[in-house]
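Below is one structure, written out as structure tokens; comments come after it.
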């Protein structure tokens with residue numbers, strides 16, 4: 001009889017009707033509810049991001065201004081050349097060819113900046129011709145510069161072994177050229193700045 005009763009009334013083993021009608025617990029929450037529950041951490045995260053962007057933007061602008069200031073500040077071609085040649089003289093381990101390439105570049109940049117010659121764009125022979133036609137170099141530094149260019153090209157483009165004495169001579173030649181041209185330019189500038197005194201009238 002017990003088994004028969006259970007079979008006839010299976011609903012007695014189910015949940016009450018009121019629980020069966022309850023809405024199921026939601027798996028996903030609405031984004032508004034998430035914001036309400038976590039607005040403090042989200043606000044802190046947003047402030048941190050904004051602060052990081054502000055710091056990055058400030059540092060970027062500061063670096064850019066420093067670089068612009070460095071670029072706009074003119075440097076002395078003479079001082080730059082002297083420092084570069086002195087640095088090469090201290091590099092004892094540098095091979096002859098790279099040393100001569102760098103030394104040639106230093107001297108050409110110096111000439112280009114100071115005398116507005118396209119020295120970096122010219123071949124050795126073209127550079128010699130330009131120097132020969134320049135009023136400052138003509139009959140003054142033609143032989144020295146030609147000697148430097150020809151020796152430098154021979155070292156750069158030949159397989160001939162180069163002694164340390166040869167590279168030291170080239171370094172000294174370039175150094176003397178830079179120093180002597182600077183001295184001559186200063187003398188010419190001082191001469192041009194001296195006012196000419198008119199001849200007093202004869203009484």
Distribution of pairwise C-alpha distances over segment 77-186, 5 Å bins, in %: 2, 12, 24, 26, 20, 11, 4, 1, 0
Between residue 46 and residue 66, what's the calculated FRET efficiency when r is the beta-carbon distance and R0 is 22 Å? Round to 0.05. 0.10
Return the tail of the calculated pair distribution for segment 31-71, meaning the percent of Cα-Cα pairs more than 11 Å apart. 69
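Since every read-out is calculated from the coordinates, none of them should be taken as a lab result. Just so we're clear, the structure is a prediction, and the values are computed from it rather than from any experiment. Virtual Cβ from ideal backbone geometry, glycine too; neighbours counted across all protein chains shown.
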